[in-house]
Amino acid sequence: MAQRINIGLIGLGTVGTGVARALLEKAHALEQRIGARVVLKRVCDRNPRPPRHLRLPAGLFTTDIRKILRDPEIQVVVELVGGVQPAKGFVIEAMRRGKHVVTANKALLAEEGKELFTAADRYGVDLYFEASVGGGIPIIKALREGLIANELNTIIGIVNGTSNYILTQMRDERLSFHEALLEAKHHGYAERNPSLDIEGHDAAHKLAILTLLGFGARVHVEDIHTEGISRISQADIQYAGEMGYCIKPLAVAKQVGHELEVRVHPALLSTSHLLANVNGVYNAVYVHGDLVGAQLFYGRGAGQNPAASSVLSDIADVARNVALGIAKRVPAYCPAPRRLRLRRMDRVETRYYMRFTVIDKPGVLAKIAGVLGRFRISIASVHQKERKTARIVPVVMMTHEAREADVRRALSVIDGMGVVKSKTVAIRTEAPRGK
Ligand code: HSE
């Protein structure tokens, strides 16, 4: 008879509910596939009323976390609480008691990963976290195992489903930012605190994890330049479209010389870019490695079932290990032989989309071009739009590669000019294939 592996699940939010349901419904199929019986022994949530539609078997549910952490029969704890505390305490305590841990908690891994990885080592247990990045895409497994022989030079991801959904709906359905955000919440894509999504922090957490796995580099989330999508307007989406670009919420980790650029921000992508057709809630991660070349991983990046798919994949891996009596076959991450310094953001070079709001009179364009030239910023193209308001026009420019520090200085001069009527919008452009 197949060995029984007992699971304790903490957190019955969107993902937890999906995982509990899938574990109950797929118990038989999983047993056939992995050769061990994965049994949901206990489910804990602080809300005393578990969702009724879940139909948990009697006696499974508890609000008392100790019934999971102190149950010697539970071998695997699945943490789906989210956020750093109290989740961190649960995870460390579970490991201290010799339990393997599966988590989807990107904030916890990104901010407290070091302590978690050390604890997993010390207590000789497995720590799996496939659902922390990319929803249902098996990108963690790909980086930890499939691409182990590669030196990566680029990871570019669309890793926040909510932001991608909002920008897609703003472009395709002409929804306002807030209408699109409401829809994303309704579908269960957004975090409990959606500013994590729209201000880029969720993507920064995920990028810290990808950078650790892909480059072996521990990057503090505070050191990742992070900009969200809340300042992207309908006008910029439309103007970018007219110029042959779309705007995507990107997470970029890229080796440039001996340095590593790590940044999260919306960017223009040419419509021929591999990531340009990743729309709606879909995520994608583009990776370039020395042996394998370019790879693109694509799939649903948020939502209950895609995340459940990844959590169950981790549970299957751990269950196989437990059944074989092994642990730590796959370490949380592999240290890299290379040491890359973090490139300061002001040294990063990209092309820029700029939208100036100026008075429509002779000489204005020349003044702006003059300031850009003084800061070594070369203009690639200029588009002046028809007047909308009396005497005020938008002027849209695309620059050649320019240094971040130069762009900031030039724009602060330009925005101080009397002919410039609103703060200039500047959005970076990501080159084809991340070059
Ligand atoms: N809020 C996240 C997103 C969910 O929108 O991508 C998956 O981590």
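Within the stretch 222-233, does at least one residue satisfy the condition of being of a type in the set (A, V, I, L, M, F, W, C) and either within 30 Å of PHE117 (Cβ to Cβ) or surrounded by fewer than 18 Cβ atoms within 10 Å (Cβ to Cβ) (or both)?
yes
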What are the pairs, 6+ residues apart or on separate chains, where a residue within the stretch 31-45 that is assigned by TED's automatic domain parsing to the domain that holds LEU56 has its Cβ under 8 Å from a residue that is part of a strand (DSSP E or B) and among the small types (Gly, Ala, Ser)? LYS41/GLY8; ARG42/GLY8; VAL43/GLY8; CYS44/GLY8
Considering each of ALA184, ALA208, ALA203 in turn, give the residue that is under 19 Å from LEU109 (Cα atoms) and within 9 Å of the ligand (Cβ to nearest atom). ALA203
Show the residue pairs meeting these rules: Cβ distance below 9 Å; 6+ apart or different chains; first residue within the stretch 109-134 and touching a residue at least 12 places away in the same chain (Cβ under 8 Å) and part of a strand (DSSP E or B); second residue within 16 Å of the ligand (Cβ to nearest atom) and not β-branched (Val, Ile, Thr). LEU127/LEU109; TYR128/SER313; TYR128/ASP314
Spot the failing condition for TYR298; the list is (1) surrounded by 19 or more Cβ atoms within 10 Å (Cβ to Cβ); (2) within 19 Å of the chain's Cα centre (by Cα), and only one is missed. (1)
For the stretch 152-200 the number of residues that are of a type outside the set (A, V, I, L, M, F, W, C) and outside any helix (DSSP H, G or I) is 16
Residues of the stretch 276-319 classified as more than 13 Å from the ligand (Cβ to nearest atom), touching a Phe, Trp or Tyr at 6+ places or on another chain (Cβ under 6 Å) and outside any helix (DSSP H, G or I), total: 1
For PRO72, state whether it is surrounded by fewer than 20 Cβ atoms within 10 Å (Cβ to Cβ), outside the structural domain of GLY214 (by TED's automatic domain parsing) and under 23 Å from ASN193 (Cβ atoms). no
Please work out if ALA149 is over 18 Å from the mean Cα position of the chain (by Cα), assigned to a loop (DSSP other than H, G, I, E, B) and not charged (D, E, K, R). yes
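The values are calculated or read from the model by the stated rules, or taken from the named source; none is laboratory data. Here the structure is a predicted model, which means the values were calculated and not measured. Quick reminder, even Gly has a Cβ in these numbers, built from the backbone with ideal geometry, and neighbours come from all protein chains shown.
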